[in-house]
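**Q** Structure in structure tokens, see below.
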Amino acid sequence: MAEIIHSADLIVVGGGMAGLIAGVRAAELGLSVGVLEQGTSDRYLCNARYSGGIFHLAYNDVKIPEAELMEAMRVITAGAIDPALAQVLARNGRLLVDWLTKQGARFIHGGPAWQNWMLAPPRPLTAGLEWIGRGPDVMLRKLGEHLRAAGSNLFLGTRATALRMRDGRCVGVDAVRDGVEVAFASGAVVIADGGFQGDLALVGKHIGGVPDRLKQRGAQTGLGAGLRMAEAVGASVTRLDRFYGHMLSRDAMHNDRVWPYPEVDAIAAAGVLVGPDGRRFADEGRGGIYLANEVARLADPLGTSLVFDAKIWEGPGRSARIPANPQLARAGATIHQGPDLASVAKAAGLPVDAVAATVAEYNKALRDNTLHTLTPARTSEKYPAMPVETAPFYVLPACAGITYTMGGLRIDTDARVLGQDGQPIPGLYAAGSTTGGIEGGDVAGYVGGLTKAGVFALCAAEHIARTRGGAA
């Protein structure tokens with residue numbers, strides 16, 4: 001057996017937002033903590049560092065009334081969210097941002113109400129990847145400092161490989177550190193290593209059959225290790241077929257200036273998304289996260305294109321916080337433009353007659369208020385459809401960007417991991433993107449990754465402290 005090199009009240013797997021919040025809160029409550037992080041530098045990569053740093057719930061301020069938040073989460077997930085977990089989020093989102101403020105977080109108002117809790121300094125409103133010294137990076141570094149100041153440890157370059165079990169209870173973690181097999185003993189373990197989006201085998205199995213033709217929009221550090229380790233000891237999992245992501249310019253596959261921003265969701269939701277045959281295949285009115293999931297399921301996820309016109313380009317094209325218009329062009333993205341639809345479709349390599357027929361059918365259904373009769377039906381309640389009829393016309397080659405997976409380990413309201421029998425596995429907890437039951441469902445409903453991570457990290461730490469090591 002591997003040598004035990006460290007013992008603590010709590011071992012946390014993963015040093016992202018969920019892991020560090022769990023570790024710092026547990027240390028505040030008097031527990032000794034070890035956080036295991038596979039990254040090796042002080043600014044190790046994780047999805048939180050790449051994020052916009054906005055704490056929201058279903059695009060609402062986390063401090064609005066609890067009942068309103070629960071309803072917003074129910075609606076955005078089409079009822080897929082576990083009501084008990086939704087209540088935990090609605091009740092504790094406000095406590096999370098207050099706790100982070102006490103840890104030194106500085107928040108600014110980003111514009112609309114759902115951006116009232118944005119970590120400062122914000123990322124610049126330009127295309128590309130700009131995270132160093134921005135709000136999430138600053139916050140993670142502060143949390144790491146607080147963890148160490150409390151006398152606990154952040155073990156860099158340490159990759160967890162298995163959970164240590166004794167009489168049905170989780171009592172630590174096996175790991176590899178500097179190429180050597182080691183072990184960490186503890187009274188409880190929190191799995192917080194992110195989703196499985198970075199593991200192409202798991203993505204191919206659960207989400208889409210051609211995972212290398214999806215753009216990894218995050219840090220690619222979520223490899224599903226926590227999910228695998230927990231499943232190996234009998235943990236129950238939710239459905240795993242949905243992810244949080246966005247529609248992007250297809251040039252994101254080779255041009256680092258056009259990802260993770262700007263995404264092109266607003267354009268996709270207003271106009272027409274077609275496959276290589278020039279035909280629609282998904283309901284654009286459900287929004288970019290849903291569309292990214294539908295694209296990922298195609299035989300060729302790199303065969304889709306957005307068809308739109310001048311009014312969409314000048315309207316929704318400019319509406320996002322980091323807008324596609326004009327940022328994509330400035331970053332060198334491919335955007336076909338012309339005075340008529342036929343010439344633009346031809347330039348984009350699409351079948352001209354099929355695109356013309358698709359757009360004509362769409363425009364007519366929009367005029368006649370019969371969008372529901374299209375195949376597939378087009379909704380317009382959440383994101384209003386706009387006609388494609390005003391020159392110049394545009395075709396934007398598109399792709400799906402995957403940020404994190406939405407399904408994962410089943411947890412209860414204390415963030416305890418549930419076994420196949422529906423009962424908590426003693427000593428085992430999870431928080432963040434490695435959990436399920438909160439986001440996803442048929443519509444790929446997005447509730448808010450940072451808030452989800454932080455709230456359940458606090459829940460886990462507080463329950464472990466109350467029970468002194470997580471005894472049920």
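**Q** Could you list all residues from segment 59-80 that are open to solvent by less than 10 Å² (accessible area, probe 1.4 Å) and in contact with a helix residue (DSSP H, G or I) (Cβ under 6 Å, 6 or more places away or on another chain)? Steps first, answer last, please.
**A** Of all residues in segment 59-80, those open to solvent by less than 10 Å² (accessible area, probe 1.4 Å) come to 62, 69, 73, 77.
Those that are open to solvent by less than 10 Å² (accessible area, probe 1.4 Å) and in contact with a helix residue (DSSP H, G or I) (Cβ under 6 Å, 6 or more places away or on another chain): Val62, Leu69, Met73.
**Q** Let me ask another. Scanning for something under 27 Å from Ile411 (Cβ atoms) and not charged (D, E, K, R), does segment 245-260 turn up at least one residue? Give the steps one after another, and end with the answer.
**A** The first filter runs over segment 245-260 and keeps only residues under 27 Å from Ile411 (Cβ atoms), leaving 245-246.
Filter again for not charged (D, E, K, R), leaving 245-246.
Yes, the conditions are met somewhere in segment 245-260.
**Q** Just checking, which of Ala72, Ala27, Ala48, Ala86 is over 25 Å from His109 (Cα atoms) and assigned to a helix (DSSP H, G or I)?
**A** Numbers: Ala72 fails: over 25 Å from His109 (Cα atoms); Ala48 fails: over 25 Å from His109 (Cα atoms); Ala86 fails: over 25 Å from His109 (Cα atoms).
Ala27 is the lone residue from the list that is over 25 Å from His109 (Cα atoms) and assigned to a helix (DSSP H, G or I).
**Q** Just one of Lys346, Lys311 is open to solvent by 40 Å² or more (accessible area, probe 1.4 Å), touching a residue at least 12 places away in the same chain (Cβ under 8 Å) and of a type in the set (Lys, Arg); which is it? Working first, answer last.
**A** Numbers: Lys346 fails: touching a residue at least 12 places away in the same chain (Cβ under 8 Å).
Step by step, each of Lys346, Lys311 is checked, and only Lys311 is open to solvent by 40 Å² or more (accessible area, probe 1.4 Å), touching a residue at least 12 places away in the same chain (Cβ under 8 Å) and of a type in the set (Lys, Arg).
**Q** Any idea which of Gly14, Gly19, Gly39, Gly53 is surrounded by 17 or more Cβ atoms within 10 Å (Cβ to Cβ), touching a residue at least 24 places away in the same chain (Cβ under 8 Å), in contact with a Cys (Cβ under 9 Å, 6 or more places away or on another chain) and at positive phi? Explain how you work it out, then say what you get.
**A** On the way: Gly19 fails: at positive phi; Gly39 fails: at positive phi; Gly53 fails: in contact with a Cys (Cβ under 9 Å, 6 or more places away or on another chain).
The conditions single out Gly14.
**Q** Any residue in segment 443-464 that is of a type in the set (Ser, Thr, Tyr) sitting within a Cβ distance under 8 Å of a residue that is open to solvent by 10 Å² or more (accessible area, probe 1.4 Å) and part of a helix (DSSP H, G or I)? List the pairs, counting only those 6 or more apart or interchain.
**A** Note: pairs meeting the criteria are Tyr446/Ile76; Tyr446/Ile289.
**Q** I've got another one for you. Regarding Leu302, is this residue under 22 Å from Tyr394 (Cβ atoms), touching a helix residue (DSSP H, G or I) at 6+ places or on another chain (Cβ under 7 Å), not polar (S, T, N, Q) and not in a helix (DSSP H, G or I)?
**A** Numbers: under 22 Å from Tyr394 (Cβ atoms): yes; touching a helix residue (DSSP H, G or I) at 6+ places or on another chain (Cβ under 7 Å): yes; not polar (S, T, N, Q): yes; not in a helix (DSSP H, G or I): yes.
Considered against the rule, which asks whether it is under 22 Å from Tyr394 (Cβ atoms), touching a helix residue (DSSP H, G or I) at 6+ places or on another chain (Cβ under 7 Å), not polar (S, T, N, Q) and not in a helix (DSSP H, G or I), Leu302 comes out as yes.
**Q** Mind counting the residues in segment 430-442 that are closer than 16 Å to Gln87 by Cβ and touching a residue at least 60 places away in the same chain (Cβ under 8 Å)? Before the answer, list the steps.
**A** Initially, segment 430-442 is screened for residues closer than 16 Å to Gln87 by Cβ, giving 435, 437-439.
If we keep only those that are touching a residue at least 60 places away in the same chain (Cβ under 8 Å) too, we end up with 437-439.
Residues flagged as closer than 16 Å to Gln87 by Cβ and touching a residue at least 60 places away in the same chain (Cβ under 8 Å) within segment 430-442 amount to 3.
**Q** Quick check on Leu45: is it over 21 Å from Val443 (Cβ atoms), in contact (Cβ under 8 Å) with a residue 40 or more places away in the chain, under 17 Å from the mean Cα position of the chain (by Cα) and surrounded by fewer than 20 Cβ atoms within 10 Å (Cβ to Cβ)? I'd like the intermediate steps shown before the answer.
**A** Values: over 21 Å from Val443 (Cβ atoms): yes; in contact (Cβ under 8 Å) with a residue 40 or more places away in the chain: yes; under 17 Å from the mean Cα position of the chain (by Cα): yes; surrounded by fewer than 20 Cβ atoms within 10 Å (Cβ to Cβ): yes.
In short, yes.
The values are calculated or read from the model by the stated rules, or taken from the named source; none is laboratory data. Keep in mind it's a predicted model, so treat the numbers as computed, not measured. Here the Cβ is made from the backbone with ideal geometry for all residues, glycine too, and neighbour counts use every protein chain on show. Note: accessible area is taken over every heavy atom of the protein model, side chains too, but ligands, DNA and RNA are not part of it. Shrake-Rupley method; radii C 1.70, N 1.55, O 1.52, S 1.80 Å.
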